[in-house]
Structure formats: C-alpha cells, structure tokens
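Participant: Quick one: this structure, given as structure tokens, is what I'll be asking you about.
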Amino acid sequence: MKDGEDAALTRKTWIASALAAVLAVSAVFPGAAAEPAGRDKAGEKPLFAVRPVGSLSLGGGRLELSEAYIMSGDEGGERLSMAIRLVNGSAGELDLFDYALRLRWKGASLPVKWLPRDKEQHELPAYSERTFVAYADLPTGASWPELSLEAARWDFSQPGFERKIGAIAFPSDYSAAAPGDARRSWTEGPTVLAADVDRVTALERGEDVGVHVYVNMKNEGRFPLDVPAYDYYLRFGKKTFYPLEAAASGVLRLEPGKSRQVQLRADVPSSVFADDMELWIVRRLPLDGQRTLRMPVALFDVSGSRSGAFDTVQAVPVSVGRYDYRLKTDSVQRLPWEDKDILAVRLLLENPGASAAPVPRLSAYFELDKGVRVDGVVVVPGERVGVEAGGAVPMYAYAKVPYAFRFAESSLVLAERASAEGTGPALAASTGSAPVAERELVRLNLPVEEKAWRIVPVSGEIVRELAGRTVALKAGAPRLYESDAGVLAAIPVVLENREKRALRAPELAGYLLAGDGSAYPVSVWRSGGQTTPAGGRALYWFSSEVPAGFTAGDGLQLLVGEAAGGGLSVGSTGGTAASGQPDAYLNAVGLALGSPAAGAANRLSGLDVDPYVLSIRNLKANFTNFYSYEWTVEFQYELRNETLPGVAGPERDIVLEFRNRSGELVFEKKLALGARAADRPSLELGKGDMRLVFNDPAAFRSYSGPDYTLNVYEEYRGYRRLLASRTIGWGVSSD
C-alpha cells in the first residue's frame, strides 16, 4: 500500500476501526505478533516480530505473506503453513475468493488451501484487515529457495480467466525463529499471550540425552486465560523434530498480568541430539474430519543456550582421600509419598583411574531457594564393593518435603562423610544425621521438577537397572475389586531377569496416580524364590484402596521404583528389616495403565485370575437330605498357569455365590486359589474334582426353584471382583 493509502486508513471513522479490531481479535492468525517489536517493559526480554516474507499490491489493498513454516502433515509427508494478511484500504468490500493463490515448486504448481473457518469469513469490510491461514502439501525434501507464492485475480475477460498480480519468493535463509533472548506474543482468544525461553539444559544418559526446556508464559491481555494444550517440539539441525512433554499436567490458568513457567522435557537419542536447536510451540487447527493443521504460534532459536545450572554432560571431578572420581547427575525426580514428596537425584560415580577404588562415604543435603536446608540420605544400590577402573556405579541422594511446598531453585550439596565408625567399607546407606566432620565436595544446581520420570505406554515394556541388575518391567491390566468400604485397584507387574545369573526379585515400591493428579499409596506383594537366568520371571501385585466410584480412566499410571529406607538398602532382595516397610522409592518409572481387565462373563471357562486361568465344568448344586439340611455342590475344574509357569500368584479365594430368583443369598462357598489351605477347600494347579457336602439350615429358608444364579468372584484382601454370572437349574449340570 502507498503511504497515502496507509494514512487514509488511519483517518477513517471509529466504527470501521472498531470492526477491524473485532475481526482481528476473533479470528486472527494464532502466531501473529500482538504488538510491534521493541515495546518491552522493564525486566522483560525484547519483543520479537517476524519479518514478513513479502507483499503484493491489490490496488485498493495489500496481500502480505507474514509467516511460513514447514512441518509434517497428519498423513505423512511435509506441509507448508502460511499466515497471509489482507489489508482492505478501500471504501468497498474485499473478498478473499476474488483471488487465486498457487505455490510454485521447481516450476510445478501446488494447490493452496484455506482453513475451513476462513472460508466462512472471506469478506473484509472497508478499511479493515485480517490474517488468514493457508496451507499446501509439499514434496518431501522441498526447501525454501525452491518455493514461491503466486497470486492472481479472477478475471473472466482474460485468457485463462485470471489476471496475474505477482509472486513472492522465499529467501534461501528464511526463518521465523525468534532469538533465544527474545520473547514472542500472539493473540489467544480474547487476550494476548507471550512466551520466552528461560533456559535449556541437556544431560547425557547412556544412549539418550535428557533435555529440559523452561518456558515463561505471561498473560499480557485484560482477560483470564486457560493456556491451550499446545504441542511442543525441539528441532535439531533444521530437520529432525522431537516431541517434548510438559512436566505438569492439567490446565494452566493465567490471570491478567500473571506469568508461570512451563517445564518441558524429552529423552532424545544421542544420534539425533545436536546443539543446533529450535523450540516450536504449535497449535493444531481443525481441517476436515479428524485432520488437523500444525500451525506454530512461536518459534525460538535456542542453539547454544544450554545453561550450566544442570548441564552436567561433562562429569564434575571430585577427590575423596587419595582417590579421584568424576560425578555426573543422571536424573532428578519429584515423587509422591504420603503427605510429602521425595526429591531424588540419581548420580553416576565414575572412576577414571587405572585401578579399582572404594565407594566413598558421602552425606548430602538439598538447599531450596538458597535458604532452606533439607537433610538428605545417600544410598548405593545393590552389593557394591567398589568402583572398577574405568567403570561407574549409580548413587542416589534423596530427601522429603511437604507435597504442597514449591520452590524456584534447588541445589544438591555432597560432602565427604567422616563418621564415628571410621572409614570402613563402601557405604550402602547413610542417614541424614549430622556427621562428625564433613568436607563439601560439590554443589549441583538442579531444575525444579514437577515430574521427571519416563512413562511407558500401555502394555509396553521397559528395560532398566534395578538393584544393580538389568531387568524388564511390564504392567498388566488393572483389576478393580469392590466391597462396602470402597474399591481396591490391583495391578500385576511382571519382572523379567535379563542377567546371565539367577536373580532374587528386588524390593519395589511405588504409587498409583490417577489422571486428575490424585495419588494413592500402594501395598506390594511379590512372588518368592529366585528367577532363572536370561528370561526368568517374578510377579508383583501393586494394590491400592481407592474411593468408591473409582474408574481406571485415561492418564492412570503406576509409579514403580526401587524400595529404600525402613531398614532396606535400596534395591534390597532380602526380606524387610527394621520397620519392615520402605519409606521411599527411587529410580522410578511410570507404567501407563489401560482399561480394566474384562468384567463378568456368561461362561464358567477361561476365567482370568492372573497368573492363572480357571475353568469350571459340570457344576451341579442341590439339597441332598431335607431332614439334615444337607447340600451338595460338585464340579470338575482345571487351573492352568501358562503365562508364568512356576510362579504363584498372591493368596486369593474363589467365591461361589448362589442366589435365588429374588436375588437373595442362598449360600456361598470359598475355595483357596492355587495353593492348599488348612481351613477351606483348595483349587490346586491341574485338573480336579470338587465335591462340597455341608449342612446349612438357613439356606433352606432362601431356597426357591426351579433355578438359581451362580456368581463366581475372585476375592483379594477382602474385596471381590465378579468373574462370571450364570443362571443354572437346581440339580442340573451347568454343561
């Protein structure tokens, strides 16, 4: 637009200006800058405005290609998304549909499409402007210098029915990325949201690099805002995208003028990780059906911005006595435990020397917000007699804080511990009590973590080191048992030995997390005995008493880690000692849980009572002596263990419940499952015949013909789960 036309736009009536403002707020491109660059307030990073790619004159208006991005599409391949700003500087309407846009790639013409919402609001009133979103599917590998956007006006008096307006070519070095030390702002609903990157940290973890990104979000508008569920990505080397996960779940609400920090994390393969990094904040815009368009609202170049606060990619050298070590932070977790949270740091102690070295005695404390000291505990998992030359051993430092306590900064201080017992052998566990003397070795600044554990997908398996041994963990479907007291949720977890030696299953502990953030303590049962080398398995049952009405919905996960405290060395494989119960768990992983195990069936065969399968055949029940009130129940059964041969499940009962047509209880019988019991009949592995003869005068008062309903329950810890329900005639075989 010419200078005179721009001036004319500002002189028009306030009615037209107000209409333009309404259109800008209600349907603006989500990534459009909400204010010009340079209008930064005291203490804020300077605002970055994306430089437009180019513009074309439309006579009484202007078409501006404001921003453009290339990302993958829902169906694979690559997709170009564009923010196109139309300015109407005339007294008449400007119609988007009067113009045709095409994308040129190496001479080929690619169709340009509009968002469905923009098709519905394609007319611009006089002296107004609006930003539209357009997109085009690209051939794989298309690059900026190969692309240009052509515009034409439909004109049926011209050959081909269109009059060419011009083309906008993309520069070879085009980028919409803001510098890492700037901030971006965009219109979000009725308000303005701004973001900047506080810091980025990276930490090597074997074959992965743990990356943490801390983003400040601020509501710069006048209305409260629930921050949308954006997608976050890191792009490495201008080509590879890797998704980031928000540490905190739930809705982030920002009042006007308020800001919050969003913590993002990802475990990136070392082969993908590069210092050339970009942070992409992306909104999904609906197309048709289930298809969406990934449209960035902000993009930051964070190359080389990794902070030294938690950047321990290079190990820190420490000396204890005459031995030299290197210390590397491996992970930081904040885990729920009763009315507190466990702050846990996993460390790797490396021995760079040419000969073995002892594991040093260390003490630890956490310092929160540079003023609050919390004494910690240092533990070493497994049976460690030393650190091999060129090797490393893991260590844990942990402490507890009230779960509602929040802090902005934290650090871990490790010191050489000289105790009254003398130097002695390698330390398996130390308490947080004050030592006789200590020498500070290192202070590690840590990120503030809401959540920092890896989440394994539903039915997925994770291989990790527990108690110094390599094992695999896999969770089964949750099982919901009911009683008058509420609901018991039980989750079977199978541990597989990946070592070449026999392994006794280690002590594990954990917590059950619901999708709404509620945390429930769990009791842990484990099978006894040793697992055979290379594939032997052990079974754990994690059970938690939850409120009535509890459902295993989306987001349910089981946190599982190595048990510590309560007289246990972390990763202990022996029985409990001292208090007999752990008071912490470390090195945790989140096992995502799917839908509950199948409910009641109408058959009596193939009943799932993990790890067993129970089948009942030819069941017949009736009174056999009226005068002595004698009843007889007889059936054949088969109890198989095909999934975990040789591994017994927890102690449970099978309950056979007989009810008349009115639903009244006639009688019930309990049978021990899988093992012989002294006080009741037992269903043992294999095939068998069961005959129950008993006298029950009360049952005759509820007895009525001609049939009854048989309910088969699995009972665990006083709670029941219905396995099968079947109507059968008295004295008639179920088969």
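The values are calculated or read from the model by the stated rules, or taken from the named source; none is laboratory data. These numbers were taken from a predicted model, which means no experiment stands behind them. Please note: Cβ atoms are built from the backbone with ideal geometry, for glycine as well, and neighbour counts cover all protein chains shown. All accessible areas refer to the heavy atoms of the entire protein, side chains included, with ligands and DNA or RNA removed. Shrake-Rupley method; radii C 1.70, N 1.55, O 1.52, S 1.80 Å.
Participant: What residue, of Ala434, Ala415, Ala475, is at pLDDT below 80 and of a type in the set (A, V, I, L, M, F, W, C)? Full working, then the answer.
Facilitator: Working: Ala415 fails: at pLDDT below 80; Ala475 fails: at pLDDT below 80.
Just one listed residue meets the conditions, Ala434.
Participant: From the list Val359, Val380, pick out the single residue that is outside the structural domain of Asp583 (by the TED database), farther than 29 Å from Pro521 by Cβ, touching a Leu at 6+ places or on another chain (Cβ under 8 Å) and surrounded by 14 or more Cβ atoms within 10 Å (Cβ to Cβ). Give the derivation first.
Facilitator: Values: Val380 fails: farther than 29 Å from Pro521 by Cβ.
Of the residues listed, the single one that is outside the structural domain of Asp583 (by the TED database), farther than 29 Å from Pro521 by Cβ, touching a Leu at 6+ places or on another chain (Cβ under 8 Å) and surrounded by 14 or more Cβ atoms within 10 Å (Cβ to Cβ) is Val359.
Participant: For the stretch 649-669, which residues satisfy the criterion of being over 41 Å from the mean Cα position of the chain (by Cα) and either under 23 Å from Val609 (Cα atoms) or among the β-branched types (Val, Ile, Thr) (or both)? Step through it out loud before you land on a result.
Facilitator: To start, the set of residues in the stretch 649-669 that are over 41 Å from the mean Cα position of the chain (by Cα) comprises 657-669.
Those that are over 41 Å from the mean Cα position of the chain (by Cα) and either under 23 Å from Val609 (Cα atoms) or among the β-branched types (Val, Ile, Thr) (or both): Glu657, Phe658, Arg659, Val666, Phe667, Glu668, Lys669.
Participant: Oh, and also: What's the number of the only condition in (1) open to solvent by less than 10 Å² (accessible area, probe 1.4 Å); (2) touching a residue at least 60 places away in the same chain (Cβ under 8 Å) that Val693 fails to meet?
Facilitator: (1)
Participant: In this structure, is Ala229 of a type in the set (Gly, Ala, Ser) and in a loop (DSSP other than H, G, I, E, B)?
Facilitator: Against the criterion (of a type in the set (Gly, Ala, Ser) and in a loop (DSSP other than H, G, I, E, B)), Ala229 qualifies.
Participant: Let me ask something else about it. Looking at (1) touching a strand residue (DSSP E or B) at 6+ places or on another chain (Cβ under 7 Å); (2) open to solvent by 60 Å² or more (accessible area, probe 1.4 Å), which is the only condition Asp288 fails?
Facilitator: Checking Asp288 against (1) touching a strand residue (DSSP E or B) at 6+ places or on another chain (Cβ under 7 Å); (2) open to solvent by 60 Å² or more (accessible area, probe 1.4 Å), the one that fails is (1).
Participant: Pairs only if they're at least six apart or on different chains, beta carbon under 6 angstrom, first in the stretch 712-735 and assigned by the TED database to the domain that holds Thr624 and within 20 Å of Asn660 (Cβ to Cβ), second open to solvent by 20 Å² or more (accessible area, probe 1.4 Å) and among the hydrophobic types (A, V, I, L, M, F, W, C); list them, first residue then second.
Facilitator: Once the first residue is assigned by the TED database to the domain that holds Thr624 and within 20 Å of Asn660 (Cβ to Cβ) and sits in the stretch 712-735, its partners that are open to solvent by 20 Å² or more (accessible area, probe 1.4 Å) and among the hydrophobic types (A, V, I, L, M, F, W, C) give Tyr713/Leu722; Leu722/Ala600; Ala724/Ala600; Ala724/Ala601; Ser725/Ala600.
Participant: Let me ask you something else. Considering only residues of the stretch 251-269 that are in a loop (DSSP other than H, G, I, E, B) and under 24 Å from Trp453 (Cα atoms), which is farthest from the chain's Cα centre (by Cα)?
Facilitator: Selected residue: Leu252.
Participant: Any residue in the stretch 475-504 that's touching a residue at least 60 places away in the same chain (Cβ under 8 Å) and buried (at least 20 other Cβ atoms within 10 Å of the Cβ): show its pairings with residues that are among the acidic types (Asp, Glu) and not in a strand (DSSP E or B) at Cβ separation under 8 Å, as long as the two are six or more apart or on different chains.
Facilitator: Pairs that qualify, where the first residue is touching a residue at least 60 places away in the same chain (Cβ under 8 Å) and buried (at least 20 other Cβ atoms within 10 Å of the Cβ) and the partner is among the acidic types (Asp, Glu) and not in a strand (DSSP E or B), are Gly476/Asp610; Arg479/Asp610; Pro492/Asp610.
Participant: In the stretch 111-169, which residues are over 14 Å from Arg85 (Cα atoms), of a type in the set (Val, Ile, Thr) and touching a Leu at 6+ places or on another chain (Cβ under 8 Å)?
Facilitator: Val112, Ile165
Participant: Looking only at the stretch 348-356, decide whether some residue is at pLDDT 90 or above and crowded, with 22+ Cβ neighbours inside 10 Å.
Facilitator: Yes, because at least one residue in the stretch 348-356 is at pLDDT 90 or above and crowded, with 22+ Cβ neighbours inside 10 Å.
Participant: When only residues in the stretch 280-315 that are at pLDDT below 75 and hydrophobic (A, V, I, L, M, F, W, C) count, which is farthest from Ser185 (Cα to Cα)?
Facilitator: Ala315
Participant: If Pro171 satisfies every condition in (1) modelled with pLDDT of 90 or more; (2) surrounded by fewer than 16 Cβ atoms within 10 Å (Cβ to Cβ); (3) on the phi > 0 side of the Ramachandran plot but one, which is the exception?
Facilitator: Status for Pro171: all satisfied but (3).
Participant: Would you be able to tell me the number of residues in the stretch 598-622 that are at negative phi and either open to solvent by 70 Å² or more (accessible area, probe 1.4 Å) or touching an Asp or Glu at 6+ places or on another chain (Cβ under 6 Å) (or both)?
Facilitator: Of the residues in that region, 7 qualify.
Participant: Another one. So which residues in the stretch 174-201 are of a type in the set (D, E, K, R) and either in contact with a strand residue (DSSP E or B) (Cβ under 7 Å, 6 or more places away or on another chain) or modelled with pLDDT of 90 or more (or both), if there are any at all?
Facilitator: Going residue by residue through the stretch 174-201, those that are of a type in the set (D, E, K, R) are 181, 183-184, 188, 196, 198-199.
Residues satisfying the conditions are Arg183, Arg184, Glu188, Asp196, Asp198, Arg199.
Participant: Go through the stretch 247-282 and report how many residues are under 30 Å from Phe223 (Cβ atoms) and either open to solvent by 40 Å² or more (accessible area, probe 1.4 Å) or touching a Cys at 6+ places or on another chain (Cβ under 8 Å) (or both). Quick ask: steps written out before the conclusion?
Facilitator: Kept after step one, since they are under 30 Å from Phe223 (Cβ atoms), are these residues of the stretch 247-282: 247-264, 279-282.
With either open to solvent by 40 Å² or more (accessible area, probe 1.4 Å) or touching a Cys at 6+ places or on another chain (Cβ under 8 Å) (or both) added as a condition, the list becomes 248-251, 253, 255-261.
So the answer is 12.
Participant: For Tyr232, work out the one condition from (1) open to solvent by less than 20 Å² (accessible area, probe 1.4 Å); (2) modelled with pLDDT of 90 or more; (3) within 23 Å of Ile455 (Cβ to Cβ) it doesn't fulfil.
Facilitator: It is condition (1) that Tyr232 fails.
Participant: Could you list all residues from the stretch 116-162 that are open to solvent by 40 Å² or more (accessible area, probe 1.4 Å), farther than 23 Å from Pro296 by Cβ and among the hydroxyl-bearing types (Ser, Thr, Tyr)?
Facilitator: Tyr127, Ser157
Participant: Here are some residues: Arg79, Arg85. Which one is open to solvent by 20 Å² or more (accessible area, probe 1.4 Å), assigned to a strand (DSSP E or B) and modelled with pLDDT of 90 or more?
Facilitator: Numbers: Arg79 fails: open to solvent by 20 Å² or more (accessible area, probe 1.4 Å).
After ruling out the rest, the residue left standing is Arg85.
Participant: For the stretch 316-325, state whether one or more residues are within 26 Å of Val560 (Cβ to Cβ) and touching a strand residue (DSSP E or B) at 6+ places or on another chain (Cβ under 8 Å).
Facilitator: Applying the first criterion (within 26 Å of Val560 (Cβ to Cβ)) to the stretch 316-325 yields none.
Checked against the condition, which is being within 26 Å of Val560 (Cβ to Cβ) and touching a strand residue (DSSP E or B) at 6+ places or on another chain (Cβ under 8 Å), the stretch 316-325 yields no hits at all.
Participant: Out of the stretch 625-673, which residues are assigned to a loop (DSSP other than H, G, I, E, B) and open to solvent by 60 Å² or more (accessible area, probe 1.4 Å)? Spell out how you get there, then give the answer.
Facilitator: Pass one, the stretch 625-673, residues assigned to a loop (DSSP other than H, G, I, E, B): 626-629, 641-652, 660-664.
Phe626, Tyr627, Tyr629, Glu642, Thr643, Pro645, Gly646, Glu651, Arg661, Ser662, Glu664, listed by residue number.
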